[in-house]
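Worksheet: the structure to be examined is printed underneath.
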Amino acid sequence: MDASVNVGLRLAAAAARDPDGVAIVEPAGRDVGGKRRYRQISFRQLEDDSNLLADGLRSLGVAPGMRIVLMVRPSIDFVSLVFALFKSGAVTVLIDPGMGRKNLLRCLSDANPEGFVAIPLAHAARCLLRGRFPNSRLHVTVGWRWFWGGATIAQLRARRRRPEFRPAPTRADDPAAIIFTSGSTGPPKGVLYQHGTFDRQVVELRDVYDIRPGELDLPGFPLFGLFNCAMGVTTVLPDMDPTRPARVDPALIIESIRDWNITQAFGSPAFWNVVGRHCERHRIQLPTLRRVLSAGAPVPLHVMQRLKAAIPADGDVYTPYGATEALPVASISATEVLGETAARSRQGAGTCVGRRFPGIAWRVIRIDDGPLPTLEAAETLPPGQIGELIVSGPVVTPRYVTRCEMNALHKIEDGPAFWHRMGDVGYLDEQDRFWFCGRKAQRVRTGQGELYTIPCEAVFNQHPQVYRSALVGVGPPGNQQPVIIVETWPDQRPRTKTDRQTLYDALRKLAEAHPHTRSIERFLVHPAMPVDIRHNAKIFREKLAVWAAERVR
């Protein structure tokens, strides 16, 4: 293996190529006239700052392989500290603070960290719950240090960098980070990211989307800012709470896009739903925005249509498909979706997520809920037949390092290589595109056969009152009763029992018009479906199944 594979070195290359280029921009309040102010840092300044912080971390005792939790809000400090930790050789533990207190504490405890680099509130919680982190001894506070010891980020920056400092000579297969899954279909699991994984992700995203140095990106998900710096792209941090993308203020997003002539932006479908509706309502055009990325869940057609209408004709909306364990896997453009695949999706064909990235190999195998120790135990299915997707390639992570018992259910050995079971069901078409039909764990197993969430829900999402729908099963697997739960548009909510019955009758008529939904006879209205914290888009169907069981007799 190449001994110099460290994604932190890509920042050094960007700084050498464009030292004075703007690397990170963050909102910094407003002036007396109400105009937005920004704080910014160049690539050279970011490179120097991350080197200084990396040297400071080493002086405190941070060594290669040590697990260090990073809990800092999206900011220049956050980006610089991530690169500093990469360069120090530490394994950065990144946990979404919006996953809820119970999951957050469980993930932190499972990671068994040796230190925390965090804001004061996180350190206060660490001290109160110190029994959960018996090996944590290296602590850095980003902000005011209260009653605990350790250094502050200000102290690390006040010292001189030692002349002998060099980034850790990491290899491609050395651990770089532990990133936790969202927990949408089970307890969050800690995914091991290696330096080679991050490095290859940069290459795949850059080449497939033709991302070039000098572009300007607004990332609605903080980690995408790291890829930008590694590609020489300016990151303009949005004024939003990243744990609540569905509650973003669209006017603030549009303000940043216009202030900086943003060329690319990433956000979840929930994020873009809010921004797109605002643009449509106020007839707003975004002439500099030519590449919109959205991921985390299937992107509704109405979201694509609104965004396409707001950006230039030669721009497009792309939906990279993947998971925390394997990203990116595939991609498709809104032009291809709206021009071809959408019509089939409406009839229940599933959601086409596109063609695989160059480094990805994939197969669809027969669905199996148990472990598959070797590839020989998996039966590959022909195109058009629904099964379980497995993937292999350099952006596919090798294993879980918490909840390690899940490795047997998600990894398949293939000689010296391995495959990851995505947990998604669907099929490949004759063009080698994958059509997503839902999560394997969320399929409904009735006495007459299996129903898949996405093809069924697409039928009911066509009703003008329906914002989104969810298929769940009530009863024991193999004899489940299928139930469709709908969430209506806010201004279309049924107010009376008669309104509700009228909606149910219309949904039942839609069900009877399609062979794959004909067996669905029960419908419920939910005021606001539970969704994941990270993207506010993945529906927690497991919770809805419990809710439905209390109402279906």
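The values are calculated or read from the model by the stated rules, or taken from the named source; none is laboratory data. Here the structure is a predicted model, which is why all the values come from computation and not from measurement. Because the Cβ atoms are built from the backbone with ideal geometry, glycine has one as well, and the counts that use them run over all protein chains shown. The protein model used for the area step is the full one, side chains on, heavy atoms only, and it has no ligands, DNA or RNA in it. Shrake-Rupley method; radii C 1.70, N 1.55, O 1.52, S 1.80 Å.
Taking each pair of different alpha-carbon atoms in the range 122-265 once, compute 1/r for the pair, average those values, and report the inverse of that mean as the Kirkwood hydrodynamic radius in Å to one decimal.
Values: mean 1/r = 0.0529 Å⁻¹.
Taking the inverse mean of 1/r over all distinct Cα pairs, the range 122-265 comes out at 18.9 Å.
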Estimated vicinal HN-Hα couplings, Hz - the range 31-47 in sequence order (Karplus 6.51, -1.76, 1.60; Gly, Pro = x): 7, 5, x, x, 6, 5, 9, 9, 9, 9, 9, 7, 5, 5, 5, 5, 4
Radius of gyration, Dmax [the chain; alpha carbons; angstrom]: 23.9, 77
Modelled label reach - residue 552, point 7 Å along Cα→Cβ, the range 443-474 residues with backbone N closer than 15 Å: 443-454, 456-457, 469-474
Rounded accessible area per residue of the chain, 1.4 Å, Å²: 42
Rule-of-thumb Rg ratio for the range 397-553 [Cα; 2.2 N^0.38 Å; N residues]: 1.19
Centre separation in Å (Cα based) which lies between the range 94-119 and the range 501-533: 38
Residues whose placed amide H lies under 5 Å from that of residue 316, excluding near-sequence neighbours: 291, 292
Compactness of the range 213-338 - radius of gyration and Dmax, Cα, Å: 13.3, 39
The chain: relative contact order as a whole-number percent, Cα under 8 Å and 6+ apart: 11
Rounded Å value of the spacing that divides the Cα centres of the range 253-313 and the range 398-428: 34
DSSP bridge pairs, the chain: antiparallel proportion in percent, nearest 5: 60
Estimated inter-spin distance, residue 210 and residue 128, nm [label 7 Å along Cα→Cβ]: 5.3
In nm, spacing of pseudo-spin labels at residue 376 and residue 513 (7 Å Cα→C-beta vector): 5.1
Calculated [θ] (222 nm, deg cm²/dmol) that DSSP helices of n ≥ 4 give over the chain, each run adding -39,500 (n - 2.57): -9000 deg cm²/dmol
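What fraction, in whole percent, of alpha-carbon pairs in the range 300-456 exceed 27 Å separation?
Details: 3226 of 12246 pairs.
Counting every Cα pair in the range 300-456, those more than 27 Å apart make up 26 percent.
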Area accessible to solvent at residue 411, 1.4 Å probe radius, in Å²: 30
Karplus (6.51, -1.76, 1.60) ³J(HN,Hα), θ = phi - 60°, over the range 307-313, in Hz, Gly and Pro reported as x: 5, 4, 6, 8, 10, x, 4
Length-normalised contact order of the range 1-151 in % [C-alpha pairs under 8 Å, at least 6 apart]: 19
Whole-number percent relative contact order across the range 282-346, with pairs defined as alpha carbons under 8 Å at least 6 apart: 31
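Got a number for carbon plus sulfur as a percent of the range 216-370's accessible area, 1.4 Å probe?
C and S atoms contribute 50 percent here.
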Set of lysines with alpha-carbon distance to residue 543 below 30 Å, sequence-local pairs under 8 removed: 102, 189, 411, 440, 497, 509
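At R0 = 25 Å, how high is the FRET efficiency between residue 73 and residue 528 if r is their beta carbon distance? Nearest 0.05 is fine.
Working: r = 26 Å, r/R0 = 1.06.
The computed FRET efficiency comes out at 0.40.
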Residue 346/residue 493 FRET efficiency (R0 22 Å; Cβ-Cβ; nearest 0.05): 0.40
Using alpha carbons only: equivalent-ellipsoid semi-axes of the range 316-356, gyration tensor based, whole Å: 20, 12, 6
Most positive-pole-ward Cα, 394, 360, 295, against dipole of the range 262-406 from beta carbon charges: 295
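Efficiency by 1/(1 + (r/R0)^6): what FRET value for residue 430 and residue 501, r their Cβ-Cβ distance, R0 = 56 Å, to the nearest 0.05? Please list the in-between numbers first.
Details: r = 43 Å, r/R0 = 0.78.
Rounded to the nearest 0.05, the efficiency is 0.80.
Leaving ligands, DNA and RNA out of it, rank 272, 547 by accessible area with a 1.4 Å probe, largest first. Present the calculation step by step, with values, prior to reporting the outcome.
On the way: 272 0, 547 50 Å².
Per-residue accessible area, sorted high to low, gives 547, 272.
Rounded, prolate or oblate: which one fits the range 1-143, using the alpha carbon gyration tensor with axes a ≥ b ≥ c (rounded when a/c is under 1.5, else prolate when a/b beats b/c, else oblate)?
Values: a/c = 2.30, a/b = 1.24, b/c = 1.86.
Note, shape of the range 1-143 comes out oblate.
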Label-reachable residues, the range 263-283, where backbone N falls under 13 Å from a point 7 Å from residue 38's Cα toward its Cβ: 263-264
Full-stretch length increase - residue 441, residue 258 - with 0.36 nm per residue and alpha-carbon distance subtracted: 61.6 nm
Solvent-accessible area, 1.4 Å probe, carbon plus sulfur percent, for the range 430-553: 50
